[in-house]
Structures are given as C-alpha cells and as structure tokens.
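Worksheet for the structure shown next.
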Amino acid sequence: MKARNAGLLFAGLSALLWLLPFAWMMVASARPQVSGVLDLASLFPSGPFGITNYIEAWTSGHFPLWYFNTILLCVGIFAMQSITVCLAGYAFARLKFKGSGSIFTLFLLQLLLPPAVLVVPNLLMITQLHLFDSLAGIAAPYCASAFGVFLMRQTFRSIPRDFEDAAMIDGASRLQIIWHILLPLARPGLAAFAVVSVTSHWNEFLWPLMAVSSPKSQVLTVGLASFTLSAESGSEWGTIAAGTALVAAPLLIGFLFFQRRFVSSLVFTGLK
C-alpha cells in the first residue's frame, strides 16, 4: 500500500512538473503583450486576458498552409504505413518461413538507429527520386515502420487462428482473410499505432527542415521555427506562446478525446 501511494505521489509530481511549461504557455498566450525579459512574475499576471495574441500569430504566420501540409502529410504517411505494417505484421505473425525470427530481429534493430543518422542517406534517396522540396519527399522514408510492424504482429498473434481456418475452408484468400477477418478484429492495435504515427510525424522537425527549402512545403514545426525567429526579434513572447499553442492544440484535444481508446488499445495488444 505504501509503495502504491509513493508511486501515485511520484506520478502526480511528475505530471505537475510536465504541466508547468504548458501552463506558462497558456498564460503567456492569453495575457497582454509584454516585451523584454521574462521572469517568474509573468506566471501570475493580473490580466486582462484575451485572444489578441492568437489573432496576431494567425495573421503573422501562414498557419492555414502549415496546417494543410501537416494534416496531408500525417494522413498520407499513416495510409501508406497501414498497408505495409499490416502485411508485414501478418507475415511475421502467421507465416512460417526460414529465418523469420532473425529477419524480425534485424527489422526491429531499426528502432535503435537515431533519426539524425539517416538524414544524409534519406536526402540522397529523395534527391535521386526527384522528390526534394515536396511533401512526398518528407513522407518517403516513413512508408514503413518497425514499431508498427511489431505492434501489428503482436495484435495478430493475439487473435485466435480459428477465424482464419474457417475462412480458408470457405475458400478465402490470404488478402481476403486480412481485410475481412483480421483487420476488423485488429482495430484497437491499428488505432494505437495511428496515435503514435500521427503524433510523431506531427511533431517531426529535423527531417522536414532538411527535406524542404520553399515556404509552400513547410509543415507546422518548421513554420513555427521561422515564425518564432521573426517574433523573437521584437520580444513578442505572447505571440510566440500563442503560435506554439496553435501547433500543440490539435494533438492535446485529440488525446483528451481518445485517451481511453489509446490506453485500451495498448492493453489489447499486450504492450506495457
């Protein structure tokens, strides 16, 4: 009991520590514009509060274009990954072939590679494919996901084989079994992967920064960086905080609505 209480206390303190920067961002974005050096007193403003900083950030930056590019990129990447991770996950979960365990282990070794190590090879690849400075070039290296394959493999392995055997007796092909039998049962695992995929690519900064050079192909993180640099020159901290809130808000709202489904999906797949 004491260990549980200590764990809850530690979790509560960790959550509070995580919430402090977020609280400062929300307060700074809603308070009157103040130029100069920030201090702890700015955390306790007397008001008045408003949306002036948000209006200023929205009109100063190209947020509609950045939102469109980011949403299109995240949806496109997830659509491609859904095909590759489901097929590969099924192969590793159900098909028996020589060296499958070793191949799967080598496949998972990709998770140990820092993303920065792959920047130069990926740049060479998209340049040779004539995809540089385009959303397709940003998405190209993410057509497959080692984590997604692992997650879907675990999901498919948790589904009894009786459903597949019954479908095979009725003459269904493997693709029909995957599409009509397994995928409806694997929706929790796919939903968990969707959250991970969209969150990671929504927050991705280094690769989109390297893969595009024109403003028309910028995503939210890269656009926010350029927007912040221009706002910092005038010490417009409230506008910077409002711009940061505009970038983070969709993910926060989405997580608040789907956190139960996300947690239950991870429980369904057996991940801890």
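The values are calculated or read from the model by the stated rules, or taken from the named source; none is laboratory data. Bear in mind that the values here come from a model prediction, so they are computed numbers and not experimental data. A quick note on method: Cβ atoms are made from the backbone with ideal geometry, for glycine too, and the neighbour counts reach across all protein chains shown.
Tabulated values for the structure
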{"read-out": "Criterion violated by Ile71 - all others in (1) in contact (Cβ under 8 Å) with a residue 12 or more places away in the chain; (2) part of a helix (DSSP H, G or I) satisfied", "value": "(1)"}
{"read-out": "The listed residue being modelled with pLDDT of 90 or more and either touching a strand residue (DSSP E or B) at 6+ places or on another chain (Cβ under 6 Å) or aromatic (Phe, Trp, Tyr) (or both), out of Phe92, Phe97, Phe104", "value": "Phe92"}
{"read-out": "1 or more residues buried (at least 16 other Cβ atoms within 10 Å of the Cβ), within 16 Å of the chain's Cα centre (by Cα) and among the aliphatic types (A, V, I, L, M): qualifying helices (runs of 4 or more DSSP H) within segment 129-233", "value": "135-139, 146-157, 187-202, 220-232"}
{"read-out": "Subset tally (residues that are at pLDDT 80 or above, under 24 Å from Ala245 (Cβ atoms) and hydrophobic (A, V, I, L, M, F, W, C)) for segment 1-23", "value": "7"}
{"read-out": "Pairs with Cβ under 6 Å, 6+ apart, first in segment 203-227 and under 15 Å from Leu124 (Cα atoms), second of a type in the set (Gly, Ala, Ser) and surrounded by 15 or more Cβ atoms within 10 Å (Cβ to Cβ)", "value": "Ala211/Gly137"}
{"read-out": "Qualifying residue in segment 55-65 (condition: at pLDDT below 90, touching a helix residue (DSSP H, G or I) at 6+ places or on another chain (Cβ under 6 Å) and farther than 30 Å from Ala136 by Cβ)", "value": "yes"}
{"read-out": "Every pair of residues 6+ apart whose Cβ atoms lie under 7 Å, when the first sits in segment 119-148 and is in contact (Cβ under 8 Å) with a residue 12 or more places away in the chain and on the phi > 0 side of the Ramachandran plot while the second is among the small types (Gly, Ala, Ser) and surrounded by 16 or more Cβ atoms within 10 Å (Cβ to Cβ)", "value": "Asp133/Ser217"}
{"read-out": "Any hit, segment 98-113, residues being closer than 22 Å to Trp202 by Cα and touching a residue at least 24 places away in the same chain (Cβ under 8 Å)", "value": "yes"}
{"read-out": "One residue from Ser35, Ser42, Ser46, Ser29 being of a type outside the set (A, V, I, L, M, F, W, C), modelled with pLDDT under 60 and outside any loop (DSSP other than H, G, I, E, B)", "value": "Ser42"}
{"read-out": "Selection count where residues are within 13 Å of Pro141 (Cα to Cα) and either of a type in the set (A, V, I, L, M, F, W, C) or not in a helix (DSSP H, G or I) (or both), scope segment 75-115", "value": "3"}
